[in-house]
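Trainee: Starting off with a structure, shown below.
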Amino acid sequence: MISALPLLLALPLSMAALIALHGRLSRTAGAWLAGSAPLLGLLLLGAMTPAVLDGTVLRASWAWLPQIGLDATLRLDGLAWMFTGLVLGIGALVVLYAHYYLSPQDSTRRFYSCLLLFMGAMLGMVLAGNLLLLMVFWELTSISSFLLIGFWSHRKDAREGARMALIVTGGGGLALLAGVLLIGRIVGSFDLDVVLASGDLIRASALYPWALVLVLAGIFTKSAQFPFHFWLPHAMAAPTPVSAYLHSATMVKAGVFLLARLHPALAGSELFFYLVSGVGAVTLLVGAWNAIFQHDLKGLLAYSTISHLGLITLLFGLSTPMAVVAGVFHILNHATFKASLFMAAGIIDHETGTRDMRRLGGLRRLMPVTSALAIIASLAMAGIPLLNGFLSKEMLFAEALATGGPEWMRMAISSAALLAGVLGVAYSLRFVHDTFFGKGPHDLETVPHEPPRWMKVPVEVLVVICLAVGIAPALTIAPVLQAGAQAILGTAMPAYSLSIWHGFNLPLAMSALGVAGGVALYAGLRRLTDLYAAANRPLGKQLFHRATDALFGLAQRVTQALANGNLQRMLLALVLVAMIVAAAPYAASPAWPAWSAPQPMPLLGWALWLVMLACALGGLFLHRQRLLALIVMGGAGLMVALTFVFLSAPDLALTQLMVETVTLALMLLGMNYLPARSPPEHSRWRKRRDALIAVIAGGGLAALAYAMMTLPPNTMSGEMLRRSLPEAYGQNVVNVILVDFRGFDTFGEITVFGIAALVVHALLRRSRMAPEQIMPGPPMKLPVPADLAQIMFPLTLTVSIFLFLRGHNAPGGGFIAGLVLAVPLLIQYVIQGTASVESRFGFDYIRCIGAGLLVALLSGTASMLFGVPFLTSGHLDLQLPLVGTVPLASAIGFDTGVYLVVFGGVMLILSMMGTVKPSRTRNARHGEIDVRRRSARTGEML
């Protein structure tokens, strides 16, 4: 069973990748694949259910950072089991519903892949047994929900809603991360079992108030609690299947899940009580009041979700055992009736073309089945007897009346609960009356009718659950509620009864008063005011836009001051910052290093140094003649490569040589779009300033290099030499460091390199020449025949593969091999032109980068399957006939990813630079830039 946990998490994520990568997937096939993930997940969860109901906590753990005792742990207890069932069960219904809801113009492949990514993120969060792992999936829910809310990217409201949700929940995520780090510092561990058992230690710490406030900031932003509630109604620009999923089992429930998960560790203080219950009560009332005045069906449901999330938060804030049970119970009830209501609203929108209640009405005659389902779900939301919402609402009234502390607190919470009951009935009545009763519908382009049969099935299933739980709670929901609440309360689990009738008592009187008051309120508002004329001007949205506008304005002013396109100023700032950072440690504790006696320099070393010095000075004096300066600087690079050879560093020499070759070609391509000569510098003050900065920076680097090269021999290098062969199975220590000892750093570096290549592609892809203008080849016959370039490619490919295969035990490796392979193609680009090469070669460099990163990631992750950390090397002696023993190291898989990323990135940059449109602002006669003309691409003054 334990091994099923990673499979349970991998199902939606792997299916999301499969759907996203499948280019020709029909709508039906995509729906089946998407639906198979939650259905198979439910089967796995069902296999683990008996153990969970018996109180067993299932775990699966892998070493993550064993040096500091940090493991990647999956953990399934009753609460995680309950939420996993919600995520998978409602997710399966949403997939079925979306198949009929989405139009043929919508990309179902993109929708299902994003939805399954969202599902996987939620599963990872609820199954995480480590707070840092939980944070990873917490942020993934924000990113995936951003993609889903903005699914209809052609609509402005979808883009704004997605951005607003990402900014608010992302900001809360940063606060939550800080709070998690404080909890880890207090407890000494991020393991969830340890944290949940350390409640007394956490509450006794001086850091507890800060940790609590930061964690609650993350919870409140994710679950749309006041004053962060404003983002949720604007997320309604998402397709209705997304809204149904987001409001019932995912996204907004992530916050209350974390509140429930950390309740044993954080609850029990007055600060927790006042913060959580206070914010919950305000959110409960603000959401309910605003829901009444919405005209959009989804808008009304969105504000009702805010109100119900406030109700759940209030219950957890009260912190009594029965309040926690009630909070868990309402999480389940709200998920069922709210998902069914959103799906019903989507059906109405799908069949009528509008969600505006001012144009609807009388739909019970045209859509009787849908009307009946939506009315029952609305009554459950209002808390009417014989439906599930009534039971948890009664628990709320009972716990509000039993609130401890001052009398005014009990009265305030009881009054808030009663008022929320009144408002809940009122907005539920408006949803029912204005949609299904009265005159109407009005001004519709089509005649409404019932949707396809299977589009109603998800709503029917959820409504039946609402009825079943409301009529027979002990037979239907009791085991689920018991498991979820038991995981939070442990031995403090109270005895309670899930029966419909508890006799005539004060909570029942409050329920009756709430229903009567809600009916009276709605009738009074209809009679005394014009609900249809109510204007929705959300203050939160206005404040958010003002804040973001001010932030963007500040960022623009800072950007104009620091990054206004002046490369000299940017380089100056970069060098000055580097100098300050480097000098800060010395300024804090000034001390000269113990200079060791240098080794004697042979004649060859002096010769290389003099040539290098001459090239550097030549570049200084020839800087205005750009081509000559580039050639001279290339000579300096060549001398650096020879210096590496002289110092017995062949790997560095090969790398330097290849980098010089590629960089020279890249700079030549860039110079094609610059004037032949740089303008003269007239300011003497600037010359002296730059000279002073150059002397200080160069002198500092020289001193640092001298100090490093004269260190005593008993340094880290000796340890690397000793560990290279026995631990990483490689004799080439440089390559072992790159792909094993510092493999994670290398993975980050190739990721950055790939991103840089993609940025170049994104910036220049709209500036490509027309086909007849793309580098047709040299205008005159070159001394190098074109056939030579074609002959060079297979030879260089052979050399590249040779260097790649020998890299773990001899000079070479993926980085060098990738650069070597790029050289013959570069020569072909120069000799034959871009059109000729790309028509024959036909290689997709972008996919090459993606494949390389994927190979590197998979090869590093494979080690975790064997219970060892990410990117740990393995070794195999392969016995081949006639050949004999062939030693293989698993690091070759990671090096393959490096190989592909380096080759793809270099070629993508070079190919893009070779096909840029020439600037229309260049003076064709003198090769100079006319500053009075506008840029052909940006339209800005140059």
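Each value in this text was obtained by applying a stated rule to the coordinates, not by laboratory testing. All of these numbers come straight from a predicted model, not from anything done at the bench. Please note: Cβ atoms are built from the backbone with ideal geometry, for glycine as well, and neighbour counts cover all protein chains shown.
Trainee: Can you list residues whose amide H is under 5 Å from residue 810's amide H, if they're 5+ apart or on another chain and H is modeled 1.01 Å from N?
Mentor: 732
Trainee: Report the calculated FRET efficiency for residue 710 and residue 136 (r = Cβ-Cβ distance, R0 = 51 Å), to the nearest 0.05.
Mentor: Result of the calculation: an efficiency of 0.75.
Trainee: Residue by residue through the stretch 478-495, what is 3J(HN,Hα) from phi via Karplus (6.51 cos²θ - 1.76 cosθ + 1.60, θ = phi - 60°)? Round to whole Hz and write x for glycine and proline.
Mentor: Taking θ as phi minus 60°, the curve returns 4, x, 5, 4, 4, 5, x, 6, 4, 5, 8, 8, x, 6, 7, 4, x, 8 Hz for the stretch 478-495.
Trainee: Of the listed peptides 6-18, 303-315, what is their order by residue-averaged count of other C-beta atoms within 10 Å, with the highest listed first?
Mentor: By packing density, highest mean first, the sequence is 303-315, 6-18.
Trainee: Let me ask another. Say R0 is 60 Å: what FRET efficiency, to the nearest 0.05, do residue 627 and residue 541 get from their beta-carbon distance?
Mentor: E(calc), rounded to 0.05, equals 0.60.
Trainee: Counting pairs of alpha carbon atoms under 8 Å apart in space and at least six apart in sequence, what relative contact order in percent does the stretch 391-516 give?
Mentor: Taking the mean separation of contacting Cα pairs over the length of the stretch 391-516, I get 43 percent.
Trainee: Please give the peptides 162-168, 112-118, 219-225 ranked by average Cβ packing (other Cβ atoms within 10 Å per residue), highest first, as a rough proxy for protection.
Mentor: 219-225, 112-118, 162-168
Trainee: Classify the stretch 619-689 from the C-alpha gyration tensor, please: rounded if a/c falls under 1.5, else prolate or oblate depending on whether a/b exceeds b/c.
Mentor: The shape class here is oblate.
Trainee: Cα-Cα pairs above 24 Å in the stretch 350-501: how many percent?
Mentor: Counting pairs separated by more than 24 Å, the tail of P(r) holds 49 percent.
Trainee: On to the next question. Rounded, prolate or oblate: which fits the stretch 283-340 when a ≥ b ≥ c are the square roots of the eigenvalues of the alpha-carbon gyration tensor, with rounded for a/c under 1.5 and prolate only if a/b beats b/c?
Mentor: Taking the square roots of the gyration eigenvalues as a ≥ b ≥ c, the stretch 283-340 is oblate.
Trainee: Pick out, from 560, 392, 416, the residue whose Cα sits farthest towards the positive end of the charge dipole of the chain, with +1 on the Cβ of Lys and Arg and -1 on the Cβ of Asp and Glu.
Mentor: 560
Trainee: Next up: What is the helix-to-structure angle for 650-671, meaning the angle in degrees between its Cα long axis and the longest Cα principal axis of the chain, kept from 0 to 90 and rounded to the nearest 10?
Mentor: That helix lies at roughly 80 degrees to the long axis.
Trainee: To the nearest 10 degrees, how steeply does helix 845-862 sit against the main Cα axis of the chain, on a 0 to 90 scale?
Mentor: 70
Trainee: Expected output is a single nm value to one decimal: the length gained when fully extending between residue 693 and residue 36, i.e. 0.36 nm times separation in residues minus the C-alpha distance. What is it?
Mentor: Full extension from residue 693 to residue 36 adds 230.2 nm.
Trainee: Quick one: angle between helix 453-471 and the longest Cα principal axis of the chain, in degrees between 0 and 90, rounded to 10, please.
Mentor: 50
Trainee: Under 12 Å Cα to Cα from residue 222, which aspartates and glutamates show up? Leave out anything in the same chain fewer than 8 places away.
Mentor: 139
Trainee: Report the full-extension gain for the segment residue 365 to residue 57: residue separation times 0.36 nm, less the Cα-Cα distance, to one decimal in nm.
Mentor: 105.8 nm
Trainee: Follow-up question, since we're still on this one. What distance in nm separates the simple spin-label points at residue 879 and residue 14, each placed 7 Å from Cα in the Cβ direction?
Mentor: Distance between label points: 3.3 nm.
Trainee: Next question. Relative contact order for the stretch 586-730 using alpha-carbon pairs under 8 Å, separation at least 6, rounded to a whole percent?
Mentor: 23
Trainee: Between residue 666 and residue 798, what length in nm is gained on full extension when 0.36 nm per residue of separation is reduced by their alpha carbon distance?
Mentor: Length difference between fully extended and current span is 45.1 nm.
Trainee: Tell me the chymotrypsin sites (Phe, Trp or Tyr not before Pro) within the stretch 538-645 that lie in a loop according to DSSP and have at most 15 other beta-carbon atoms within 10 Å.
Mentor: Filter output for the stretch 538-645: 595.
Trainee: What FRET efficiency comes out for residue 502 versus residue 415 if R0 is 35 angstrom and r is the Cβ-Cβ distance? Round to the nearest 0.05.
Mentor: Given R0 = 35 Å and the Cβ-Cβ separation, E is 0.95.
Trainee: So, with +1 on the Cβ of K and R and -1 on the Cβ of D and E, and no other charges, what is the size of the charge dipole of the chain about its Cα centre, to the nearest 20 debye?
Mentor: 2940
Trainee: Give the residues of the stretch 48-81 whose amide nitrogen is closer than 20 Å to a point set 7 Å from the Cα of residue 744 in the direction of its Cβ.
Mentor: Answer for the stretch 48-81: 61-74.
Trainee: Decide, for the chain, between rounded, prolate and oblate: order the square roots of the alpha carbon gyration tensor eigenvalues as a ≥ b ≥ c, take rounded if a/c falls under 1.5, and otherwise choose prolate if a/b is larger than b/c, else oblate.
Mentor: Prolate is the answer for the chain, as a/c is 1.5 or above and a/b outweighs b/c.
Trainee: Further question: By count of other Cβ within 10 Å, fewest leading, how are 427, 274 ordered?
Mentor: Neighbour counts put them in this order, fewest first: 274, 427.
Trainee: Another one. Please state the relative contact order of the chain as a whole percent: Cα pairs under 8 Å, 6+ residues apart?
Mentor: 8
Trainee: Run the quick spin-label model on residue 759 and residue 587: label points 7 Å from Cα toward the beta carbon, then report their separation in nm to one decimal.
Mentor: Label at residue 759, label at residue 587, 2.8 nm between them.
Trainee: Counting each DSSP H run of 4 or more residues in the chain as -39500 (n - 2.57), what helix-only mean residue ellipticity at 222 nm follows after dividing by all residues, to the nearest 500 deg cm²/dmol?
Mentor: Rounded to the nearest 500, the figure is -23000 deg cm²/dmol.
Trainee: I've got another one for you. Can you give me the distance in nm between label points at residue 610 and residue 847, each placed 7 Å from the Cα along the Cα-to-Cβ direction?
Mentor: Each label point is offset 7 Å from its Cα along the Cβ direction, giving 5.6 nm.
Trainee: By average Cβ neighbour count within 10 Å, what is the ranking of 791-799, 383-391 from highest down?
Mentor: 383-391, 791-799
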